[in-house]
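The values are calculated or read from the model by the stated rules, or taken from the named source; none is laboratory data. From a predicted model like this one, the values you see are computed outputs, not experimental measurements. Cβ atoms come from the backbone with ideal geometry, glycine included; neighbour counts cover every protein chain shown. Ligands, DNA and RNA are excluded from the accessible area calculation, which covers all protein heavy atoms including side chains. Shrake-Rupley method; radii C 1.70, N 1.55, O 1.52, S 1.80 Å.
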Amino acid sequence: MASRKPAKKKTSQGHPARRKGASTVPFESDVRQALQPFKSQLFRHFQEDGQSASDTRMAIESLTTLLTVHAQLRKSVDVQSFDPTVLGEQLGHLSSLGKEVSEASAAILKHYLTFLGTTANFGGSVEDFKQSFEFLSRMAGDSPIVAPYLEDEEANGSFESMPFVFAARELIQWVGQGKPTTAAGVLTGETLQDAAAALGLFIKVDDDAEVTEHPEWEPEDGTLVASLAEVPRLSAYWDALIGTALLRYQAPNATPTEPLSDALLATNGPGSRLIKELIAEVLFSHILINTLEKPGQAQIAEMVAGVLSNAASSNTVRTEFALQIPTTEDLPEEQHHLIPQLEEVVPQVESLLRIFEREGLVQITDEINVPIVLRSSLERALGKVSDHVLKSTADSSEADAD
């Protein structure tokens, strides 16, 4: 009887995903190619959580798989944005495999979305970013903002060094027993000029002055203005005093609410901490919403909100990456046409972040960081901004229907 020859052992080829050009999975090769320009930045971003190189490679491999499935459901490859509807379908399928699977997948996708936002690579709309970020945060089972508990004494100690607390105190002390305003509580004329001076802004009010379309946060000394809206810094702080009920109307004056103004001026006590947190919340939301409402500025507000969220999370936001303008070496040739737009947008993002820095709401060094004591304020403010966007979208839809 002839002996049987042993079957030849097949040479191991490894996982198809690890053999360039060998994958038969629809869209996978295209996804890998589209991610190539971001490869080094993406690796650093994922590794900044303190993961080992091997864990980081596994996370990026998982991301590639998730983006491939997203492309299959979407029937097109776009690694710079998400389709919120498709995300819901995709994570819905993963939920059937277990909560841990869906949460881990959502966390990876959210981390990648944050990368796109902080590196100015997100290519979708403001609404897409907002919906995707909020949905992925919910599905990941966490909040993007980490706000460790602080005792009142520690919190109040931190507030004492913050410029926005000093500015709010200067303004409330200037109001004194009351200052005249319009029926809507708006400062005008000589009173507006004096209020600006309380914040170190030496402007001149002239009702007939030409309106400045895009006024500076702090107008130069001697600038002619026609209204409060042309003094953005004062407008934001006046809104904060009104929005926190530090000021109330007793025609014809705006007068301080004594217990609250006393709390603002105090250096200790739970009431003192709360009023300062509320002022920070209004400043965050006022600046972002005003930016959203300016024509052509929605993308700026969206990108800044993304940076702030990440800067208040457990992820490190490195300034050089968050404010980097891509070059032709960073982007594939078919996206080179985006560079002129980013050259215009990224400096505006930095300018807005510098405004937050000027008021002590953000710290910018080698990294961008939101002080721990302000993180709850930021979280509430971003909720207000989100509600504002939703309301604006709903109003627009109703108007289109009519």
M139: accessible area at probe 1.4 Å, nearest 10 Å²? 50 Å²
Taking the dipole about the Cα centre of the chain, with the C-beta of Lys and Arg at +1 and of Asp and Glu at -1, give me whichever of F122, S376, S96 is farthest to the positive side. S96
Would you mind working out the accessible area per residue for the chain, using a 1.4 Å probe, and quoting it in Å²? 51 Å²
For S261, the accessible surface traced by a 1.4 Å probe with all protein chains present amounts, in square angstrom to the nearest 10, to 10 Å²
Under 14 Å from the Cβ of L260, count the other residues' Cβ atoms, weight Lys and Arg +1, Asp and Glu -1, and hand me the total. +1
Charged-residue dipole, Cβ positions (Lys, Arg, Asp, Glu), the chain about Cα centre, Debye nearest 20: 2980 debye
Net lengthening on full extension, Q33/S54 (0.36 nm per residue, minus Cα-Cα): 5.5 nm
Virtual spin-label span in nm between Q341 and V25, 7 Å along Cα→Cβ: 2.9 nm
Pop the C-beta distance of T328 and E100 into the FRET formula with R0 = 35 Å and round what comes out to the nearest 0.05. 0.25
Calculate for the chain the 222 nm mean residue ellipticity that helices alone would give, adding -39,500 (n - 2.57) per DSSP H run of length 4 or more and normalising by residue count, nearest 500 deg cm²/dmol. -18000 deg cm²/dmol
Counting all C-alpha pairs of segment 151-195, share separated by more than 13 Å (%): 65 percent
Convex hull of Cα atoms in segment 247-402, direction-averaged projection (nm²): 13.8 nm²
Could you pull out every residue, at least 5 positions away or on a different chain, whose amide H is within less than 5 Å of the one on V317? Hs are placed 1.01 Å off N in the peptide plane, and Pro or chain starts have none. I368
If you stretched the chain out fully between T316 and A226, how much longer would it get, using 0.36 nm times the residue separation minus the C-alpha to C-alpha distance? 28.2 nm
Any idea how far apart S125 and A251 come out in nm if each label point goes 7 Å out from Cα toward Cβ? 4.3 nm
Given charges of +1 on the Cβ of Lys and Arg and -1 on the Cβ of Asp and Glu, with all other atoms neutral, how large is the dipole of segment 214-344 about its Cα centre, in debye to the nearest 20? 800 debye
Determine the share of the chain's accessible area contributed by carbon and sulfur atoms, expressed in whole percent, with a 1.4 angstrom probe. 52 percent
Report the full-extension gain for the segment S386 to T267: residue separation times 0.36 nm, less the Cα-Cα distance, to one decimal in nm. 39.6 nm
Spelling out what I want: for every residue of segment 289-297, take phi, set θ = phi - 60°, compute 6.51 cos²θ - 1.76 cosθ + 1.60 (Karplus), and round to whole Hz; glycine and proline get x. 5, 4, 5, 4, 7, 7, x, x, 9
Counting only residues 5 or more apart in sequence or on a different chain, those whose built amide H sits under 5 Å from that of V146 are S313, S314
